1. Could you give the length gained on full extension between VAL56 and ALA178, defined as 0.36 nm per residue of separation minus the Cα-Cα distance, in nm?
2. Just the number, please: carbon plus sulfur as a percent of the accessible area of segment 135-190, 1.4 Å probe, no ligands or DNA/RNA counted.
3. At what distance in nm do the modelled label points of ARG43 and CYS63 sit from each other, each positioned 7 Å from its Cα along Cα→Cβ?
4. Stretched out fully, how many nm does the piece from ARG130 to ARG93 gain, at 0.36 nm a residue minus the Cα gap?
5. For segment 124-133, just list the computed ³J(HN,Hα) in residue order, Karplus coefficients 6.51, -1.76 and 1.60, θ = phi - 60°, integers in Hz, with x standing in for Gly and Pro.
6. Which one, GLN158, SER179, SER110, is farthest towards the positive end of the dipole of segment 96-197 when Lys and Arg carry +1 and Asp and Glu -1 on their Cβ?
7. Once phi is turned into θ = phi - 60°, what whole-Hz ³J(HN,Hα) does the Karplus curve with 6.51, -1.76 and 1.60 give for every residue of segment 97-114, x standing for Gly and Pro?
8. Per residue of segment 182-188, what does 6.51 cos²θ - 1.76 cosθ + 1.60 with θ = phi - 60° give for ³J(HN,Hα)? Whole Hz please, x for Gly and Pro, Karplus curve as stated.
Amino acid sequence: MTARHGGPAHGEAATGDAAHERTRPAETGPGDDTVAGVVRQWRAVHPDLDTAPMEVIGRINRCAALLQQAEDAPLRRAGLSRPEFDLLGALRRTGDELTPSELTRETFSSGAAVTKRLKQLTERGLVERRGDTRDRRVAHVRLTDAGRDLVDGILPEQLAYERAVLSGLASQERDGLASLLGELLGRLEGRPGALRL
């Protein structure tokens, strides 16, 4: 479980059976997942707190971590980091040349990070840059043939894995889940009606 919800503790030595129960890793019962065990522990320690949000957010966080771990495997084999692949993917899906500032927006990265990644990808021959004919301060970035082939080779493998993960859900369940997650993401991204801390 993520540290945000104070997952299973492995710290101080406990004295007494009750203390031991609180500090050992979360145990799961039949049909349980790891989040269920963590929630039970928090309810035992803080019965006054409403831990229901953990059952949703905790599972989203756990699913995201496991999915990314699996989907990063083909990237590692190709010698790419996730942020580098995101940059290549942005160029591939738009089908256009993009400026570094546009890539910054597309990949939710800082300008400095995009500049560093572009340098590394250019050195590997996966992207190429050209100067703007009207403004020498502006660069345009596009995929090379090697970059396009790399993205087109990795993406089908990732989609096949995602289909396998979702294969246990009926089509209606997948659509409902996508809709709910889309609504939650919209609120977090600050669209109209979004909650703010």
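1. Full-extension gain reported as 42.5 nm.
2. Ligands and nucleic acids excluded, carbon and sulfur reach 56 percent.
3. 2.1
4. Values: separation 37, 0.36 × 37 = 13.32 nm, distance 1.96 nm.
Fully extending the segment from ARG130 to ARG93 adds 11.4 nm.
5. Residue by residue, segment 124-133 yields 8, x, 9, 9, 9, 10, 9, x, 6, 5 Hz.
6. SER110
7. Once θ is set to phi - 60°, the couplings for segment 97-114 become 6, 10, 7, x, 5, 5, 5, 4, 5, 5, 9, 6, 10, 7, x, 5, 5, 5 Hz.
8. Result, ordered by residue: x, 5, 5, 4, x, 5, 5 Hz.
The values are calculated or read from the model by the stated rules, or taken from the named source; none is laboratory data. None of the values given here were measured: they were computed from a predicted structure. Glycine also receives a Cβ, built like all others from the backbone with ideal geometry; neighbour counts cover every protein chain displayed. Please note that ligands, DNA and RNA were not included when accessible areas were found on the heavy atoms of the full protein model with its side chains. Shrake-Rupley method; radii C 1.70, N 1.55, O 1.52, S 1.80 Å.
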